[in-house]
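Report on the structure given below.
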Amino acid sequence: MKRQRQAEQMTVLREMLDLRGAHFTRQRAAVFDYLNRVDHHPTAEEVFLAVKQGLPRISLATVYKNLEALVGCGAASKLTYGDGAARYDVRTDHHYHTRCLKCGRITDLEPEAGKQLLKLIKPPRGFKVEDYHLEVLGYCKSCS
């Protein structure tokens, strides 16, 4: 079952890349597969160290290039914050995040919980909301 799901994900990835005129490569597949397996939002360096175990000749520059290709075709999103390295997420649906102020770890906060928090936020009169990002800051279990 797991292999079938992985094969389906790779087929979808190939289609997304094709639509953007990008190629499906072994390196791109390895980066995408790693992002699918982790429960956090890794930096490019973390992706590099993990993918290098299976592809020892891959470079950090290649990982960056492939992460940007995944973001460009919509298969991943890039989370950037002014105080740290960009992190990557294969979840492209509308969802929210928690971020540890000490270690920087970012995890998903399910949309239903975020909807409850958004009810407390009232934009100024006349302000037309087009989109929003919700990030809850604090300390993860390991850092608190």
**Q.** Residue check for Arg99: among the basic types (Lys, Arg), in contact (Cβ under 8 Å) with a residue 40 or more places away in the chain and under 19 Å from Leu137 (Cβ atoms)
**A.** no
Q. Can you name the condition, by its number, that Leu67 falls short on among (1) within 13 Å of the chain's Cα centre (by Cα); (2) at pLDDT below 95?
A. (2)
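Determine whether Gly84 is part of a loop (DSSP other than H, G, I, E, B), of a type outside the set (Phe, Trp, Tyr) and either touching a Lys or Arg at 6+ places or on another chain (Cβ under 8 Å) or at pLDDT below 85 (or both).
yes
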Q) Looking at this structure, is Gln27 of a type outside the set (Asp, Glu), surrounded by fewer than 16 Cβ atoms within 10 Å (Cβ to Cβ), over 11 Å from the mean Cα position of the chain (by Cα) and in a helix (DSSP H, G or I)? A) no
Q) Has the stretch 32-53 got at least one residue that is at pLDDT 90 or above and more than 24 Å from Gly104 (Cβ to Cβ)? A) no
Q.
Let me spell it out: the conditions are (1) more than 21 Å from Thr80 (Cβ to Cβ); (2) out of contact with any Leu (no Cβ under 8 Å at 6 or more places or on another chain); (3) not in a helix (DSSP H, G or I), and Glu15 meets all of them except one. Which number is the exception?
A. (3)
Q.
Being touching a helix residue (DSSP H, G or I) at 6+ places or on another chain (Cβ under 8 Å), outside the structural domain of Cys103 (by TED's automatic domain parsing) and either under 24 Å from Ala7 (Cα atoms) or not polar (S, T, N, Q) (or both) narrows it down to one residue among Leu49, Leu55; which is it?
A. Leu55
Q: Please name all residue pairs, on different chains or six or more residues apart, with Cβ atoms under 6 Å, provided the first residue is in the stretch 110-132 and is within 16 Å of Asp93 (Cα to Cα) and the second residue is surrounded by 10 or more Cβ atoms within 10 Å (Cβ to Cβ).
A: Pro111/His95; Gly114/Tyr96; Gly114/Leu134
Q: Would you be able to say whether some residue in the stretch 124-143 is modelled with pLDDT of 80 or more, among the aromatic types (Phe, Trp, Tyr) and part of a loop (DSSP other than H, G, I, E, B)?
A: yes
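For the condition closer than 29 Å to Leu19 by Cα and surrounded by fewer than 17 Cβ atoms within 10 Å (Cβ to Cβ), what is the one hit in Arg37, Arg87? First the steps, then the outcome.
Numbers: Arg87 fails: surrounded by fewer than 17 Cβ atoms within 10 Å (Cβ to Cβ).
Of Arg37, Arg87, the one residue that is closer than 29 Å to Leu19 by Cα and surrounded by fewer than 17 Cβ atoms within 10 Å (Cβ to Cβ) is Arg37.
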Q. Inside the stretch 30-64, can you point out the residues that are under 14 Å from the mean Cα position of the chain (by Cα), free of Cβ contacts under 8 Å to residues at least 12 places away in the same chain and farther than 16 Å from Leu79 by Cβ?
A. Arg37
Q: Determine which member of the set Lys78, Lys65, Lys102 is in the same structural domain as Asp39 (by TED's automatic domain parsing) and outside any helix (DSSP H, G or I).
A: Lys78
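The values are calculated or read from the model by the stated rules, or taken from the named source; none is laboratory data. Computed from a predicted model, the values in this text were never measured in an experiment. When we count neighbours, we look across all protein chains shown, and the Cβ atoms used for this are built from the backbone with ideal geometry, even at glycine.
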